[in-house]
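What follows is a single structure, written as structure tokens, with notes after it.
The values are calculated or read from the model by the stated rules, or taken from the named source; none is laboratory data. For clarity, every value in this text was computed on a predicted model and none was experimentally measured. Reconstructed Cβ throughout: ideal geometry from the backbone, glycine too, with neighbour counts over all protein chains shown. Surface accessibility is based on the protein's heavy atoms, side chains included, excluding ligands, DNA and RNA. Shrake-Rupley method; radii C 1.70, N 1.55, O 1.52, S 1.80 Å.
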Amino acid sequence: MPAAAHDGDRHHQQRPRVEISRVQADSPGREDRSNRSLNAEWVEIRNTTRNPINLRGWTLRDNDGNRYRFDNIRIGGRDTIRIHTGNGRDTRTDLFQDRRDYVWDNRSDTATLRDDRGRTVDTESWGRRR
């Protein structure tokens with residue numbers, strides 16, 4: 001009986017409304033710290049709902065404590081946004097951290113998305129932890 005009750009609980013777990021859908025931590029080509037190379041490093045965030053969500057005050061962090069804080073950014077229903085490391089002009093689909101150095105460790109890191117209350121919404125890890 002307890003096992004059956006536990007199985008039923010799994011159906012009530014919700015997917016995150018906003019999730020980290022993809023990460024490109026290893027910028028393709030030479031890592032020469034050029035803006036082009038920095039912007040080829042990104043994290044993609046997806047809204048899994050039909051309704052727009054305002055990400056104001058949300059944060060995206062790495063294991064070293066580098067943090068990107070979202071301004072008044074609205075992500076449409078079922079839309080994605082890429083957060084690039086380098087400099088650029090923010091658009092509806094692409095945001096830029098305006099950094100001059102890489103954030104995401106190619107071998108091993110964790111991207112953590114937190115809401116405006118500091119609650120972890122989603123994480124994405126890759127590689128081996130040290």
- Task: Kindly report the accessible area of the chain per residue (heavy atoms of protein chains, probe 1.4 Å, no ligands, DNA or RNA), in Å².
- Result: 67
- Taking every Cα atom in the chain, find the radius of gyration and the maximum pairwise distance Dmax, and write them in Å. 16.4, 60
- Mean Cβ-within-10 Å packing, highest first, puts peptides 85-96, 37-48 in the order 37-48, 85-96
- Of the accessible area of the chain, with the probe set at 1.4 angstrom, what percent is carbon plus sulfur? 39
- Query: Which residue, 76, 29, 118, has the most motion in a Gaussian network model of the chain that connects Cα atoms within less than 10 Å?
  - Reply: 29
- Kindly state, to the nearest 0.05, the FRET efficiency for residue 71 paired with residue 26, given R0 = 35 Å and r defined as their beta-carbon distance. 0.80
- How large is the charge dipole for the chain, taken about the Cα centre, if only the Cβ atoms of Lys, Arg (+1) and Asp, Glu (-1) carry charge, to the nearest 20 debye? 220
- Take the Cα atoms of segment 35-101, build their convex hull, and give its volume per residue in Å³. 82
- In whole Hz, what ³J(HN,Hα) sequence does segment 76-85 give by Karplus (6.51, -1.76, 1.60; θ = phi - 60°), x for Gly and Pro? x, x, 6, 8, 10, 10, 9, 9, 8, 6
- Note on the structure: If R0 = 41 Å, then residue 33 and residue 116, at their Cβ-Cβ distance, give a FRET efficiency to the nearest 0.05 of 0.80
